[in-house]
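Report on one structure; see the data block that follows.
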Amino acid sequence: MISRSWKLGATFHPMDFSKYIADHVREIPRSGIRDFFEVVQTMTDVISLGIGEPDYVTPWRIREAAIFAMERGKTGYTSNLGLPKLRHAVAKYIKRRCGVSYHPSTEVLISVGVSEALDLALRALLNPGDEVIFHEPSYVSYNPSVLLSRGKPVSVRTSSEHDFRVLAEDIERVITPHSKALLLSFPTNPTGAILRAEDLGPIAELCSLHDLIVLSDEIYCELVYDGTEHASIAALPGMKERTVLLNGCSKSYAMTGFRVGYACAPAPMIEAMMKIHQYAIMCASNMSQEAAIEALENCQKEVEIMRGDYERRRNYVVNRLNEIGLPCHTPKGTFYVFPEITSTGLNSTNFSLQLLRSKRVAVVPGSAFGASGEGFVRCCFATGFDRLKGAMDRIAEFVEEIGRR
Amino acid sequence: MLSCSGNLSESFWRETAWRVVASNAPKFTKHSFPFFLSRAIPKLKTQNSPSPMDPLLELLHQNANVQRADLAKLLNLSIEEIDRRIDQYEKERVILGYQAVLDSEKIDADAVTAFIEVSITPERGGGFDRLAERIARFDEVKSCWLMSGGYDLAILVEGGNLREIARFVSEKLSTVDGVISTATRFRLKTYKQNGMLLSQPANAERLSVSP
């Protein structure tokens, strides 16, 4: 027997697995960020402004809550929807932050990060060919997530002249009978744009008029500056009924590795998302959920401290970049600035690669966030002040050297 | 140290002290409300409405080493404005000084820190101030606070070795007129100093590029 199976094995030829990969998966290009990441990996002494997460370690009281949960043996599955106490905390938090009331037992679902919640929402909503409208430049996963759910992504450009806000008339232009949902993400990664209530009004009207579902990714809602209040589209009259509000703990509480996100939506939508979540994921990590309770209930002070710190670093970076000659609007939210680099004569990929090779500063080419991001780079200012200053000094040298060429 | 006491309302102090008085009433004559309070606490800026700390002070409190040009960029202010405010704070003694935070165990393994609880007799007219200031003037005394509770002054004393502290307590501190008793507690190990953990911060490995 043994020798026969060995012989059988020996007759196998190496097979080309890629032909077995589903067409719609194979056709999705690799993330531009990932290519870039692999170049950075081979270098030392790099100051990275290419990160998409806070530089803080999770506040100790949150980490301690996770440890305590493990000590108490909270290591099993939780309800598919998530710990009831956490769902209550989420409902209370969203009421306070966004001004919308959700029922914790039927309208809240805890997910493994917002990414999962978005995926669930798309899978729950889309029939093949349904169109999802989203604004660009925006988070790298929107376009592929829609494709993976067999939907058709339809992008709307935003531009620096409107502070990268998405305009209702631009959305209206791409609406077709197949349009099913509008994906909004404000404050926006990578542009730092926000929408105020007065910007949201016409968009909400448009959604009601054309019967669009709104998927609103508000993961950066705590990181808004200059005393601005975050405005949620779900809070507008008649919008809670057609909005899936997505949020999580990663950015607000520096909890990226805990993987806790959540969706708030009308009960039938949560029920549909729960079906997928239950079979694909089961539940979010138990101790992470315990940590999230501590974050949502008791960490507003930590959030304020981080926000103050980010705001000052933002001022510094915007001031420096404008001085250097890379025009940069002042982002009202997130921890990214999105300077324009066309004055250097380079496209965003070449700018980023040359900056990395010659000065060892990592930024992310704007084109990774959609075609309309070309001509810009994303710099994350969630990095200690000394490193931030070092990075700005290096960028200044780089731009000066290019000018002399 | 920057003072944050301006944020505490007078009623807070009165209430807190009241409770202390209630639980300790028979012990010392100083605890006869409200004369003690009105003398001991008058320096609190209770008339100021609680306002959030100037971000400039916050930044300097975190790291006094940041250059003024950088402070200006961080706060969207001119360098002149930064200079003006810092001068003002120094003049008003809101900023008392600038110091490096040291790990003293690495510099001198024999160095000793003691936390001494001191009971003193308050004086008519002056309360605790005169005695407290007299004690605070000793170079060995690094910090000195008036406390609520079972004793009056808490002082932090640093010395080159045990003997130095012993000599300070027996020859200087306890012989001061008005000092009733002292209780000296020695530091065994430091874990956190002025908000800084002494253990190496766990350098969480961050990805250098992420979405």
Förster radius 35 Å - calculated FRET efficiency between B:Ser78 and B:Arg137, Cβ distance, rounded to 0.05: 0.30
The protein assembly as shown, accessible area per residue, ligands and nucleic acids excluded (1.4 Å, Å²): 51
Quotient of Cα Rg and 2.2 N^0.38 Å for the range B:94-211, N being how many residues it contains: 1.39
Cut-off 13 Å (backbone N to label point 7 Å along Cα→Cβ of A:Arg72), residues of the range A:84-101: A:84-86
Size of electric dipole in the protein assembly as shown: Cβ of Lys, Arg +1 and of Asp, Glu -1, about Cα centre, debye, nearest 20: 1360
Gain on full stretching of the segment that runs from A:Glu297 to A:Glu400 - 0.36 nm per residue minus C-alpha separation: 32.2 nm
Residue (of A:Ser250, A:Met392, A:Thr42) at the positive-pole extreme of chain A, dipole from beta-carbon charges: A:Thr42
For the protein assembly as shown, with +1 on Lys and Arg beta carbons and -1 on Asp and Glu, the positive-most of A:Val174, B:Gly125, A:Leu236 along the dipole: B:Gly125
DSSP loop chymotrypsin sites (Phe, Trp or Tyr not before Pro) with at most 10 other Cβ within 10 Å: longest gap in chain A: A:78-405
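Hey, got a sec? Which GluC sites (Glu not before Pro) in the range B:76-113 land in a DSSP loop and have at most 13 other Cβ atoms within 10 Å?
B:Glu92
Give me the percent of the accessible area of the range A:79-165 that comes from carbon and sulfur atoms, probe 1.4 Å, all protein chains in place.
In the range A:79-165, the share of accessible area belonging to carbon and sulfur is 50 percent.
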Once the Cα gyration tensor of the protein assembly as shown is diagonalised, semi-axes √(5λ) in Å: 54, 30, 27
Accessible surface of the range B:71-211, 1.4 Å probe, proportion on carbon and sulfur as whole %: 49
All-pairs alpha carbon distance profile, the range A:343-382, 5 Å steps from 0, percent: 6, 28, 29, 26, 9, 2
Surface share of carbon and sulfur [accessible, 1.4 angstrom probe, percent] for the range A:281-405: 48
Prolate/oblate/rounded label for the range A:93-148 (Cα gyration tensor, a/c 1.5): prolate
Mean separation of Cα contacts under 8 Å, 6 or more apart, over the residue count of chain A: relative contact order %: 23
GluC sites (Glu not before Pro) lying in DSSP loop within the range A:25-80, provided at most 15 other Cβ fall within 10 Å: A:Glu27
Whole-number percent relative contact order across the range A:280-361, with pairs defined as alpha carbons under 8 Å at least 6 apart: 15
Cα-Cα P(r), the range A:225-305, percent of pairs per 5 Å interval: 3, 12, 18, 20, 20, 17, 8, 2, 0
Estimated [θ] at 222 nm from DSSP helical runs (n ≥ 4, -39500 (n - 2.57)) normalised by residues in chain A, nearest 500: -13500 deg cm²/dmol
Accessible area that becomes buried as B packs against A, both chains, 1.4 Å probe, Å², nearest 100: 2000
The range A:20-114: trypsin sites (Lys or Arg not before Pro) in DSSP loop, at most 16 other beta carbons within 10 Å: A:Arg30, A:Arg72, A:Lys74
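The values are calculated or read from the model by the stated rules, or taken from the named source; none is laboratory data. Quantities reported herein were computed from a predicted structural model and do not represent experimental measurements. Virtual Cβ from ideal backbone geometry, glycine too; neighbours counted across all protein chains shown. Quick note on the areas: whole protein, heavy atoms, side chains included, nothing else; ligands and nucleic acids left out. Shrake-Rupley method; radii C 1.70, N 1.55, O 1.52, S 1.80 Å.
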